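Read the structure below first, then the notes.
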Amino acid sequence: LTRALPGHPIDPSLRQSVRLSRDVRASDFEILAPPNRREVQAYVLPPRYFSRELGPITKSLPVRDGRVQRDLSRGITKYAIIERYGKGMSIGVSFWEIGFAEGAIAWTVNHDHHNLGVLGASDADMAVAANRCAAIEGGYVIVKDGKVLAELPLPVAGLMSDDDPSMVADTIRRLDAVARDLKPVAALAQHPTDQITFMNLTCDPWKYSLSDLGLFNLETRQKMPVVF
């Protein structure tokens, strides 16, 4: 900016837009296996997948104590979408091949629905990140081992800040640096805070995507099993 812009009061109705009915729990992200299984098949989406073919995204995952596990050695972790507008707090969870071998990230800039997204290497860190993101009225939060490493509040509809633009830009650069340290896949590593916002569009060009209601075939509008 070459000159200051006049500020205006923010309409109060644009604030407090992350309206969860309760705190998020680690158990919200558990994915149960069919009975008596030691291994399951799962649809595991990468960051950018344009094909209709299901074969390349069908992966085997281990089961422990009846719960399907991530495989961080192959970059397979969990990604969840949490309804954040006070309409029931539905939660969709599935496995994604996106890296992030450590910690968790929660954010509310999620095109095109802007629900609360959270991904992570542990369910516990995912819950901490999601709850903190709600507490700051939306934005970005990065957590590792239960501690917040970096955050950017976006209290205007969970999408924008009324803070100084230079400070916001500095914080975004800090978030990207911290996110890269969590070992995302190469497709997300250059600018993670931006790249993750487009991963689950529920429209073209994606053929499959995750919503707060679960994993869907976007062309047929049919819900898909997460594991089978």
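With the convex hull of the Cα atoms taken as the outline of segment 57-198, the averaged projected area works out to 8.9 nm². Using a probe radius of 1.4 angstrom, the carbon and sulfur fraction of the accessible surface of the chain is 52%. Taking the chain as the reference, fit the longest principal axis to its C-alpha atoms, fit the long axis of helix 165-181 to the helix C-alpha atoms, and give the angle between the two in degrees, 0 to 90, nearest 10. Relative to the chain, helix 165-181 is tipped by roughly 20 degrees.
Annotation: extensible slack from A169 through L14 equals 53.6 nm (criterion: 0.36 nm per residue apart, minus Cα-Cα distance).
Relative contact order of the chain, taken over Cα pairs closer than 8 Å and 6 or more residues apart, is 21 percent. Per residue, the chain exposes 50 Å² of accessible surface when a 1.4 Å probe is rolled over the protein heavy atoms with every protein chain present. Bridging of K144 to lysines at a Cα separation below 20 Å is possible for K78, K183, once same-chain residues fewer than 8 apart are set aside. At q = 0.15, 0.16 Å⁻¹, what log₁₀ I(q)/I(0) does a Debye calculation on the Cα points of segment 3-57 give, no solvent, two decimals? Computed log10 I(q)/I(0) values: -0.83, -0.85.
Using a cut-off of under 16 Å, list every residue of segment 200-220 whose amide N is near the label point 7 Å from the Cα of E53 along the Cα-to-beta-carbon line. Only 207-208 pass the distance filter. Placing a label point 7 Å from the Cα of V185 along the Cα-to-Cβ direction, the residues of segment 102-132 with a backbone N closer than 17 Å are 102, 105, 118-121.
Protection proxy ranking of 56-66, 183-193, by the mean of other Cβ atoms within 10 Å over each peptide's residues and highest first, is 183-193, 56-66.
Overall shape of segment 1-117 was characterised from the C-alpha gyration tensor. The equivalent ellipsoid obtained from it has semi-axes of 35, 19, 13 Å, in decreasing order.
Counting Cα-Cα pairs of segment 69-126 in 10 Å increments starting at 0 gives whole-percent bin shares of 26, 51, 21, 2. Along the axis of the charge dipole computed for the chain (Cβ charges of +1 for Lys and Arg, -1 for Asp and Glu, origin at the Cα centre), the listed residues H111, P34, L218 are led at the positive end by P34. Any idea how far apart H113 and A177 come out in nm if each label point goes 7 Å out from Cα toward Cβ? With each label point 7 Å from Cα toward Cβ, the separation is 3.5 nm. Across the options A101, I172, L182, the greatest Cα extent toward the positive end of the charge dipole of segment 71-228 (unit charges at beta carbon of Lys, Arg, Asp, Glu) belongs to A101. With the simple model of a label 7 Å out from the Cα in the direction of the Cβ, Y85 to A135 spans 2.7 nm.
The values are calculated or read from the model by the stated rules, or taken from the named source; none is laboratory data. In this text the structure is predicted, and so the values were computed from the model without any measurement. Every residue, glycine among them, receives a Cβ derived from its backbone with ideal geometry; neighbour counts consider all protein chains shown. Accessible surface is based on the protein model in full, side chains and every heavy atom, while ligands, DNA and RNA are left aside. Shrake-Rupley method; radii C 1.70, N 1.55, O 1.52, S 1.80 Å.
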